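The values are calculated or read from the model by the stated rules, or taken from the named source; none is laboratory data. Here the structure is a predicted model, which is why all the values come from computation and not from measurement. For neighbour counting, all protein chains shown are included, and Cβ atoms are generated from backbone atoms with ideal geometry for every residue, glycine included. With ligands, DNA and RNA removed, areas are computed over all heavy atoms of the protein, side chains included. Shrake-Rupley method; radii C 1.70, N 1.55, O 1.52, S 1.80 Å.
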Amino acid sequence: MSKWLLLTLLPIAAQAQMGLQTGAMQDSGTGGGRCVAAYRSAWIPQNNSVAAIWHLDGTVGAVANSSVLPTGFTGGPTLTATMAGSNLSYANSSITTLKQMITGNGNANDVIKTTNTTDLADLPALTVSMWVNMAFPSGNNQRLFYKSDDNSSRGYFFVFRTDGSLDFRKVHSSSNMERQSCPLSSTYWASKTWHHLVVTWDGTSNYTGLKYYLDGTEVVHTGSDPRLTGTCTNQASYGGYATGANGTGGFNLDSGYPFILFGKPASTGSNPNSNSLTGSMDEVVVWNKALTGAEVATLYKHQKCN
């Protein structure tokens, strides 16, 4: 029996004991599908393919050195904080049901990464979902997640660039697979406190297998899209994406490198040119497969209720 079917049959208390607390909010199924502030064990698409859940909850105040951030489900990977200072902290989320979040100021030396380098290693495909509360990048590109050998021959990373574009790269031996979105509108970005960002990769070396989603829908041009600026190089060729390049030379195993959410260790510091996140992050979920657009839309619906 699948976890999802089991969840539909179990009472809330039993769901909690299973550890499947996603931080999402449930649709009651009544009143035209209205949202309710439910217990944190709601619908997650493709739950049998979830590789990691991190709620980023903790006692309000500085993140302690060597502290372990728990997994969101039994047996899942944990995170460990390596703190040179006090530049990362827990704060109460403005979305009450989501409890706390982690806020950083871009410091490179305060790091939150997977406890074991083998965690999330060599995934056959990928989806990463997260909520961010951050200013539009200015001055420096912002890292959203990073797992690579300094962009040398293995791994992947996701960056929010100062021109407003989203940029994921799957590192290959010869040339990287990359897809860069059309620039997001700074006006749209400023219109919301929190944004839901999702990147999906289908496991191939073809750039068309990379997709980005912002606040529930894919970043594509279908006529007027207020989330994007009016100018986008090669828009006609790539839809809502400014550039696309297939990877060549194949990709190597990435098991020796941690998955990093905050910080910029020296071993990853030079490539790409980017800083650790300045802002807040919450409710990070990783799958070992690419979610569909419909699944991303449903995830967004259930998590944004408040």
| Selection within the range 149-166 - assigned to a loop (DSSP other than H, G, I, E, B), touching a Pro at 6+ places or on another chain (Cβ under 8 Å) and in contact (Cβ under 8 Å) with a residue 24 or more places away in the chain | 151, 161, 162, 164, 165
| Count of residues meeting criterion [in a strand (DSSP E or B) and among the small types (Gly, Ala, Ser)] in the range 172-186 | 2
| task | Please name all residue pairs, on different chains or six or more residues apart, with Cβ atoms under 7 Å, provided the first residue is in the range 45-71 and is hydrophobic (A, V, I, L, M, F, W, C) and the second residue is assigned to a strand (DSSP E or B) and surrounded by fewer than 17 Cβ atoms within 10 Å (Cβ to Cβ). | result | 60/91; 60/92; 68/80
| task | Taking the residues in the range 41-58 that are out of contact with any His (no Cβ under 7 Å at 6 or more places or on another chain) and open to solvent by 30 Å² or more (accessible area, probe 1.4 Å) as candidates, determine which candidate is modelled with the highest pLDDT. | result | 57
| Hits in the range 79-98 - residues which are open to solvent by less than 40 Å² (accessible area, probe 1.4 Å) and closer than 20 Å to residue 117 by Cβ | 79, 80, 81, 83
| Yes/no for residue 208 being among the β-branched types (Val, Ile, Thr) and at pLDDT below 95 | yes
| query | Somewhere in the range 59-67, is a residue within 20 Å of residue 265 (Cα to Cα) and open to solvent by less than 40 Å² (accessible area, probe 1.4 Å)? | reply | yes
| message | Please verify whether residue 106 is on the phi > 0 side of the Ramachandran plot, in contact (Cβ under 8 Å) with a residue 40 or more places away in the chain, open to solvent by 10 Å² or more (accessible area, probe 1.4 Å) and touching a strand residue (DSSP E or B) at 6+ places or on another chain (Cβ under 7 Å), treating the condition exactly as stated. | response | yes
| Per-region count, the range 92-129, residues outside any loop (DSSP other than H, G, I, E, B) and farther than 22 Å from residue 256 by Cβ | 12
| task | Please indicate, with yes or no, whether at least one residue in the range 249-271 is out of contact with any Gly (no Cβ under 8 Å at 6 or more places or on another chain), modelled with pLDDT of 85 or more, among the hydroxyl-bearing types (Ser, Thr, Tyr) and open to solvent by less than 10 Å² (accessible area, probe 1.4 Å). | result | no
| task | Please enumerate the residues belonging to the range 131-140 that are buried (at least 22 other Cβ atoms within 10 Å of the Cβ) and either in contact with a His (Cβ under 6 Å, 6 or more places away or on another chain) or at pLDDT 95 or above (or both). | result | 131
| If you check 143, 169, which single one turns out to be in a strand (DSSP E or B), at pLDDT below 95 and out of contact with any Leu (no Cβ under 8 Å at 6 or more places or on another chain)? | 169
| request: Looking only at the range 86-108, decide whether some residue is modelled with pLDDT of 90 or more, β-branched (Val, Ile, Thr) and under 30 Å from residue 247 (Cβ atoms). | output: no
| said: So residue 290 ticks every box in (1) at pLDDT below 95; (2) not in a strand (DSSP E or B); (3) not aromatic (Phe, Trp, Tyr) but one. Which box is left unticked? | reply: (1)
| request: Tell me, please, whether a residue that is under 20 Å from residue 243 (Cβ atoms) and open to solvent by 10 Å² or more (accessible area, probe 1.4 Å) can be found in the range 187-197. | output: no
